[in-house]
Amino acid sequence: MEKFPYDAPAEVFVSRRFAKSTQSQYRRFVTATEALRFLFEVLPPAAAQASMLEVNEGRYDGAAALKLYLSAQYPLVRKLVEPLPARQRPAGSDDAPKRQYGRLFLAKLFGLTPKQASEILERAGDDRGKAEDLARQVRFA
């Protein structure tokens, strides 16, 4: 994968469903970094996922833009993720165990067959990070 031009001019097209006015449907930014920051730190998450980023005539939907924002090459410090409201936290809040991936969820998330996902979950045990790494290895091998 070639390096993304974070310093190139960018445009953001917000879905009409989420834009408050006609003027807020389109924004131009000096750099793609600023556009990504706007998408994921200013807009609500649903609006960011339904938006389109255009950089150097390349178009990126919400999911592709999120990958660019979460990339190690993203040049700015990311905003901290807000914790879940108390009513949405699991019982015991911070000491609750992390949810484990289900076989079908892992298969869909990484584009694997259910059999491949089952094998990965068996090998990873309770370690969610290890399951993700193994799924990436299988998917991109």
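Filter the stretch 118-132 down to the residues that are more than 21 Å from the chain's Cα centre (by Cα) and small (Gly, Ala, Ser), then identify the one that is nearest to Lys67 (Cα to Cα). In this case the residue turns out to be Ala124.
Going by the conditions given, is Ala46 over 30 Å from Arg123 (Cα atoms), of a type outside the set (Val, Ile, Thr), modelled with pLDDT of 85 or more and out of contact with any Ser or Thr (no Cβ under 6 Å at 6 or more places or on another chain)? So Ala46 does not fit the description; no.
Of the listed requirements (1) at pLDDT 85 or above; (2) more than 24 Å from Lys130 (Cα to Cα); (3) assigned to a loop (DSSP other than H, G, I, E, B), Gln73 misses just one: (2). Set side by side, the residues Glu132, Glu82 differ, and just one is in a loop (DSSP other than H, G, I, E, B), modelled with pLDDT under 85 and under 26 Å from Ala48 (Cβ atoms), which is Glu82.
Can you pull out the residues in the stretch 39-77 that are of a type in the set (Lys, Arg) and under 10 Å from the mean Cα position of the chain (by Cα)?
Answer for the stretch 39-77, where residues must be of a type in the set (Lys, Arg) and under 10 Å from the mean Cα position of the chain (by Cα): just Lys67.
Here Arg59, Arg99, Arg123, Arg87 are screened, and the one residue that is in a loop (DSSP other than H, G, I, E, B) and either modelled with pLDDT under 85 or at negative phi (or both) is Arg99.
Quick one: how many residues across the stretch 7-36 are farther than 13 Å from Tyr60 by Cα and modelled with pLDDT of 90 or more? Even if it seems obvious, please write down each step before you answer.
Taking the stretch 7-36 first, the residues farther than 13 Å from Tyr60 by Cα are 7-9, 15-31, 33-34.
Checking the rest, the ones that are also modelled with pLDDT of 90 or more come to 7-9, 28-31, 33-34.
So the answer is 9.
Among the residues making up the stretch 38-83, those that are touching a Lys or Arg at 6+ places or on another chain (Cβ under 8 Å), within 13 Å of Tyr6 (Cα to Cα) and surrounded by 12 or more Cβ atoms within 10 Å (Cβ to Cβ) are Leu53, Tyr69, Leu76. Pairs are defined by a Cβ separation below 6 Å, a sequence spacing of at least 6 or placement on different chains, a first member in the stretch 44-58 that is in the same structural domain as Thr33 (by TED's automatic domain parsing) and under 13 Å from Arg28 (Cα atoms), and a second member that is buried (at least 16 other Cβ atoms within 10 Å of the Cβ) and aromatic (Phe, Trp, Tyr); the pairs so defined are Leu53/Tyr60.
The values are calculated or read from the model by the stated rules, or taken from the named source; none is laboratory data. Nothing here was measured: the structure is a model prediction, and the numbers come from that model. We place every Cβ from the backbone using ideal geometry, glycine too, and count neighbours over all the protein chains shown.
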